[in-house]
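Q: Take a look at this one; I'll ask things after.
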Amino acid sequence: MTNNSWGNITDPTLHNPESFRYLVHADTGCHNTTRYFADDLDAITELDMVSASLIDSAHSRTFASTFGIIIEVPVQDVLAADCRDLNSKNNTSVALSMGVKDPEVILEGSTDFMWNEILINPKDIMIRGITYTPRNRRSTLLGMLHPLTIDDSRELAMKNGLPFVLIE
């Protein structure tokens, strides 16, 4: 991973289930956003803003989804970062006013019941892998399992020459 990237993420090609850190944009499959996953992963850079979660082996919660993409972003493209959900879909201006917390502080403040939220200017996003987290309890509770199955996710990763990471 590059020296100028935010979050000190690990290389998903070297995934170690006991020790990893990824910045993951999780997609619920709602609101017609699956188009850039199923058809063109690079279309994510055309969005106005991207929401992601910083996860590691001790904090693997993402926003209501089993499916996501591992991304890498330059430090200057992180617009806001907090150890809780910033509610960016409903109140972007407040979310952006929260500032950018240090990645270590974000992970220390993250819980097993709530994801953290990182808001990103997507223009320079680098896609590093596809992740699938079948045990994401919030997804199951809300009935928001992504329409892409584990096999679909693995196939999408292979089709795009990306590593597939199963987080259990």
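Q: Checking L148 against (1) of a type outside the set (K, R); (2) over 20 Å from H59 (Cα atoms); (3) crowded, with 17+ Cβ neighbours inside 10 Å; (4) at pLDDT below 70, which single condition isn't satisfied?
A: Tallying (1) of a type outside the set (K, R); (2) over 20 Å from H59 (Cα atoms); (3) crowded, with 17+ Cβ neighbours inside 10 Å; (4) at pLDDT below 70, L148 fails exactly one: (4).
Q: Quick one: T66 ticks every box in (1) modelled with pLDDT of 85 or more; (2) of a type in the set (S, T, Y); (3) crowded, with 21+ Cβ neighbours inside 10 Å bar one, so which box is it?
A: (1)
Q: Same structure, new question: Considering only the stretch 108-131, state which residues are assigned to a helix (DSSP H, G or I), under 30 Å from E155 (Cα atoms) and not acidic (D, E). Walk me through how you get there before you give the answer.
A: Filtering the stretch 108-131 for residues assigned to a helix (DSSP H, G or I) gives 108-109, 122-124.
Next cut, under 30 Å from E155 (Cα atoms) only: 122-124.
Matches in the stretch 108-131: P122, K123.
Q: If you don't mind, another one. Do you know which residues across the stretch 93-113 are modelled with pLDDT under 90 and either touching a Pro at 6+ places or on another chain (Cβ under 9 Å) or buried (at least 18 other Cβ atoms within 10 Å of the Cβ) (or both)?
A: The answer is A95, S110.
Q: With respect to V75, determine if the residue is β-branched (V, I, T), exposed (fewer than 14 other Cβ atoms within 10 Å of the Cβ) and at pLDDT 90 or above.
A: On the way: β-branched (V, I, T): yes; exposed (fewer than 14 other Cβ atoms within 10 Å of the Cβ): yes; at pLDDT 90 or above: yes.
Here the answer is yes, as V75 does meet what is asked.
Q: Would you point out which residue out of N90, N136, N116, N160 is modelled with pLDDT of 90 or more and either surrounded by 18 or more Cβ atoms within 10 Å (Cβ to Cβ) or of a type outside the set (D, E) (or both)? Give the derivation first.
A: On the way: N90 fails: modelled with pLDDT of 90 or more; N136 fails: modelled with pLDDT of 90 or more; N116 fails: modelled with pLDDT of 90 or more.
Within the list N90, N136, N116, N160, the selection yields N160.
Q: Among (1) assigned to a loop (DSSP other than H, G, I, E, B); (2) surrounded by fewer than 13 Cβ atoms within 10 Å (Cβ to Cβ); (3) at pLDDT 90 or above; (4) of a type in the set (S, T, N, Q), which single condition is N3 missing?
A: N3 satisfies every listed condition except (3).
The values are calculated or read from the model by the stated rules, or taken from the named source; none is laboratory data. The shown structure was predicted, so the numbers you read here are calculated from the model rather than taken from an experiment. Reconstructed Cβ throughout: ideal geometry from the backbone, glycine too, with neighbour counts over all protein chains shown.
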